[in-house]
Protein chains: 2
Amino acid sequence: MADERTAQSWDPGWGADFLADFAVLSAIGATPGGGVERQAATAEDGQMRDWFSRWLRDRGFEVRTDPVGNLIGLCELAAGAPYILVGSHLDSQPLAGRFDGAYGVLAGAHAAYRVTEALRAAGTEPRFNLAVIDWFNEEGSRFKPSMMGSGVHTGVLPLAAALATRDPRGISVREALADIGYLGTGTLPEVAGYAEVHIEQGPGMEASGTTIGAVDRTWCANKYEVVVTGEQSHTGSTPMAMRRDALLSAARLVVAVNELTASVGDGELHTSVGELTVEPNSPVVVAREVRLLMDIRSSDSGLNARAFALLEQRIADIEAATRTSIDIVSRSVWASGPFPASGIKLVEEVADELALPRGRVATLAGHDATNMNAVVPTLLFFVPSAGGISHAEREFTRDEDLVAGLSVMTGVLGRLARDGFSY
Amino acid sequence: MADERTAQSWDPGWGADFLADFAVLSAIGATPGGGVERQAATAEDGQMRDWFSRWLRDRGFEVRTDPVGNLIGLCELAAGAPYILVGSHLDSQPLAGRFDGAYGVLAGAHAAYRVTEALRAAGTEPRFNLAVIDWFNEEGSRFKPSMMGSGVHTGVLPLAAALATRDPRGISVREALADIGYLGTGTLPEVAGYAEVHIEQGPGMEASGTTIGAVDRTWCANKYEVVVTGEQSHTGSTPMAMRRDALLSAARLVVAVNELTASVGDGELHTSVGELTVEPNSPVVVAREVRLLMDIRSSDSGLNARAFALLEQRIADIEAATRTSIDIVSRSVWASGPFPASGIKLVEEVADELALPRGRVATLAGHDATNMNAVVPTLLFFVPSAGGISHAEREFTRDEDLVAGLSVMTGVLGRLARDGFSY
């Protein structure tokens, strides 16, 4: 059964071209552990963009960079018509996998190129043009917040705020983009719809034998930036009862955030603290301040709210026990939103034509498609991740699944160029 | 009573000179919060050393720097005789107080200068010469381990290892010392005894009304460098049960280390984790590794051992619960050692002559005197710290206590130059 499916979706020459390009792209910023590290606007991100810009120009795309570093390749077949945009992001987390983001950009580019070549060959003028985009700084590891390029494009983040954001070494987005030559002045065209393919980053599709997962909804995420304030003192000589230890308080908070998931049932709620910095971070100094980022995610905003209410009680207890203060200095929410049924139907139809096992999935992670879904008709679909591993060098998706996703995206873009995308 | 004591120990002109110099010195690396920041071999540490070198030369001291950056000022009155060394350290923690270390160096320098001037004026050749030392990197915040200069001098740390140590930005001790001009080639003279005055860094003396605290023993400290290993993955999409979260594991460890103190009685045991770093430290990545430094201190090495045995059980539980590994990659011990009775007696005699309230105290913190105590007769005494606050900008010792300590050190050095220091 698996072999039949593979045979149907696999175009040896075209799939091989894609995989060869993907191998070249994966060598940029490659790490010894088999992953990549191309954080936003680093030298490696710049090399990747240079390579991708050449790839686009060599195939006749017009390449532009906008003021927040979004890199777009346009192919105008229908003069003056709006564009269907396809893409994802080329930046990565530290010591990340090869697939997250980069797969979607390259698959989108190959699919758009194949569709436009076919239309050119047939002499057909489509109703919509196609363009491919590498959104700037989806990952948010170097510069916060994540999904920065699509956030600015869709108006959830002001351009000036994005450009003024600094990394931990004090370099601003504006400076970093200028350094790699991607602080642009170009504009994005009128966009009539957006499509993205991504790896699942979870174990569900692999477990259920699903090759194409049409994303029907986004988990909602509540994200909190927290400052824990204690009092700096000497670790050796300060009596325990006199301490106001910000790191002890933060540690209790990390444990409390984790314990929320047990109180509302395993699997229904995801919580985490992934970033935590200590001041002054010296072995003989009781910490005066800890800053951390915590998030609470589930498919149900009510569940997130109940979890947060529980956490607030725990925070009050921790503050009293440690004589510190725990302040939430900023919060952001991604609402749990549905993706348009028309896009889901389109993905499923193309998958069925290719006889690819398909299903519906939710995305627990945020994607640029989450931002785009708020402003234009948007579709997002996944291919499986081995073991659900992501944001790690061991992230892996099989070649046949990569090519299956490329095939579906090609079919999808062909339909969207011809028919457009409506709710 | 307090006024009487102050009147007896206060020499208006001499005390005022000392306080004026201390104010000048405290302006180097001053912070807006009233403290200082002069981490080892930074530009501020270099400025401080330049100022102190000039101070010594202006008063006829011969200034040398040894290969690990110990800065020494020698005054030879008795040709070829061994030296009594007095000093402390001019480096500081980040956002630290003005008194920790710098007070002891300047008080030692003023005392040594006054004694040698008096001997010169009297035409008396002492049995021992006097020298003042600024030990390199006592604090250990930028370069680990702490007490580096005295550690190399006393043979507990190899010179090559010290020079190769790198700060978090990759700069080595060798490079940093060369940058500020204090990678020397000088040698220390033959040392026959060591004396140090320091602020208490604890609340005991202030609470009991003690002005001069002769240190009779050092608390023993067990210090551990710990690596917690998890598995990097996506915070949003990785199911809770699949995570191996190094930060959660580390947070449980921080809490467990703190809880040890409740299990063995408040005040008898001090524990802490002051430094903790997370990799990759991104808000959307489950941490793959956390490194932290923890310590267990008490006056009793057996108590420390029992606390550590309890902690080992907790570590096994945490590893199992979080599916991470917690490895102790290095450990160091300061044995709880007594200081020689002869030095304690000398401090007490001088304090009594000056009618200063005195007592005996233990040092919970490590000092260069702790290293020196292993190789030559050593004395250490404290003046009070307001509220016991240290390693913080609010660290404070009253002028009259500073001058009282200076007076005692002057009396002590006069005796030591005349009679020497034996066990």
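The values are calculated or read from the model by the stated rules, or taken from the named source; none is laboratory data. Keep in mind that what you see is a predicted model, and the values were worked out from it rather than measured. Backbone-built Cβ (ideal geometry, glycine too); neighbour counts: all protein chains shown. Heads up: the accessible areas ignore ligands, DNA and RNA and are worked out on the full protein's heavy atoms, side chains in. Shrake-Rupley method; radii C 1.70, N 1.55, O 1.52, S 1.80 Å.
Using θ = phi - 60° and the Karplus form 6.51 cos²θ - 1.76 cosθ + 1.60, what ³J(HN,Hα) does each residue of region B:123-131 get, whole Hz, x for Gly and Pro?
Along region B:123-131, the couplings run x, 9, 8, x, 6, 10, 7, 10, 9 Hz.
Using a Cα-Cα cut-off of under 19 Å, which lysines could be cross-linked to B:K345, ignoring same-chain neighbours fewer than 8 residues away?
B:K345 reaches no qualifying lysines.
What FRET efficiency do you get for A:L310 and A:D17 if R0 is 51 Å and r is their Cβ-Cβ distance, rounded to the nearest 0.05?
Computed FRET efficiency for A:L310 and A:D17 comes out at 0.45.
Provide the net charge surrounding B:T187, with neighbours chosen by a C-beta distance below 11 Å and charges set as Lys +1, Arg +1, Asp -1, Glu -1.
Overall, the nearby charge balance is -1.
Whole-Hz ³J(HN,Hα) for each residue in region A:84-97, computed from phi via Karplus 6.51 cos²θ - 1.76 cosθ + 1.60 with θ = phi - 60°, x for glycine and proline: what do you get?
Karplus-based 3J(HN,Hα) across region A:84-97 equals 8, 9, 10, x, 5, 9, 9, 7, 9, 6, x, 6, 9, x Hz.
Set the Förster radius R0 to 35 Å, insert the Cβ-Cβ distance between B:A78 and B:A178 as r into 1/(1 + (r/R0)^6), and round the FRET efficiency to 0.05.
0.50
If you take the square roots of the eigenvalues of the alpha-carbon gyration tensor of region B:55-208 and sort them as a ≥ b ≥ c, do you get rounded (a/c under 1.5), prolate (a/b over b/c) or oblate?
In terms of gyration-tensor shape, oblate.
Can you compute the modelled spin-label distance between A:A118 and A:A262, with each label point 7 Å from Cα toward Cβ, in nm?
5.4 nm
Among A:L77, A:L276, A:L188, determine the one that fluctuates most according to a GNM of chain A built with springs between C-alpha atoms less than 10 Å apart.
Looking only at A:L77, A:L276, A:L188, the largest GNM fluctuation is found for A:L276.
If the elastic network links every pair of Cα atoms under 10 Å, which of B:G97, B:G204, B:G213 fluctuates the most in the Gaussian network model of chain B?
The residue with the greatest mean-square fluctuation here is B:G204.
Once the Cα atoms of helix A:246-263 and of chain A are each reduced to a long axis, what angle between those two axes, in degrees from 0 to 90 to the nearest 10, is obtained?
Compared with the principal axis, the helix lies near 60 degrees.
State, to one decimal in nm and shortest first, how far the label point of A:E76 sits from each corresponding label point in the other identical copies (label point: 7 angstrom along Cα-to-Cβ).
8.7
From the phi of every residue in region A:163-170, what ³J(HN,Hα) in whole Hz does the Karplus formula 6.51 cos²θ - 1.76 cosθ + 1.60 yield, where θ is phi - 60° and glycine or proline is x?
Per residue, the Karplus-derived 3J(HN,Hα) values read 5, 7, 4, 10, 7, x, 8, x Hz.
How many angstrom separate the Cα center of region B:185-236 from the Cα center of region A:184-260?
That distance is 37 Å.
Which shape class, rounded, prolate or oblate, goes with region B:210-362 when its Cα gyration tensor gives a ≥ b ≥ c as root eigenvalues, a/c under 1.5 marks rounded, and past that a/b bigger than b/c marks prolate?
Prolate shape, in that a/c is at least 1.5 and a/b is the bigger ratio.
Kindly give the distances from A:A316 to its copy-mates, label point to label point, with each label point 7 Å from Cα along Cα→Cβ, as nm values to one decimal ordered shortest first.
4.0
Is it possible to state the helix-based mean residue ellipticity at 222 nm for the protein assembly as shown, with each DSSP H run of 4+ residues giving -39500 (n - 2.57), the sum divided by total residues, to the nearest 500 deg cm²/dmol? What is it?
It lands at -12000 deg cm²/dmol.
In degrees from 0 to 90, rounded to the nearest 10, what is the angle of the helix A:301-322 Cα long axis to the longest principal axis of chain A?
30 degrees
In Å², what does the accessible area per residue of region B:185-309 work out to with a 1.4 Å probe?
28 Å²
Enter the buried accessible area of the B/A pair, total of both sides, probe 1.4 Å, in Å² rounded to the nearest 100.
Using a 1.4 Å probe on protein heavy atoms, the buried area is about 5100 Å².
Note the distances from A:R59 to each other copy's matching label point, with points 7 Å along the Cα-to-beta-carbon direction, in nm, sorted shortest first.
7.7
Would you mind classifying the protein assembly as shown by shape? Square roots of the alpha carbon gyration tensor eigenvalues, ordered a ≥ b ≥ c; an a/c under 1.5 is rounded, otherwise it is prolate if a/b is larger than b/c and oblate if not.
In terms of gyration-tensor shape, prolate.
Using a Cα-Cα cut-off of under 24 Å, which lysines could be cross-linked to A:K144, ignoring same-chain neighbours fewer than 8 residues away?
A:K223
Where does helix A:399-419 land angle-wise versus the long Cα axis of chain A, in degrees 0 to 90, nearest 10?
Taking Cα atoms only, the helix is inclined about 70 degrees.
Which chain B residue sits with its beta carbon nearest the axis carrying B onto A, and how many Å away is it, rounded to a whole number?
Per the B/A rotation axis, the closest residue of B reads B:A251, 2.
If the elastic network links every pair of Cα atoms under 10 Å, which of B:A355, B:A341, B:A320 fluctuates the most in the Gaussian network model of chain B?
Top of the fluctuation ranking is B:A320.
Counting only protein heavy atoms, probe 1.4 Å: which residues of region A:270-305 lose 50 Å² or more of accessible surface in the full assembly compared with their chain by itself?
A:H270, A:G274, A:L276, A:N281, A:P283, A:V284
Within the accessible area of chain A, what % is carbon and sulfur when the probe is 1.4 Å and the other protein chains stay in place?
51 percent
Estimate the FRET efficiency between A:A386 and A:R54 by the formula 1/(1 + (r/R0)^6), using the beta-carbon distance for r and 41 Å for R0, to the nearest 0.05.
With a Förster radius of 41 Å, E is 0.85.
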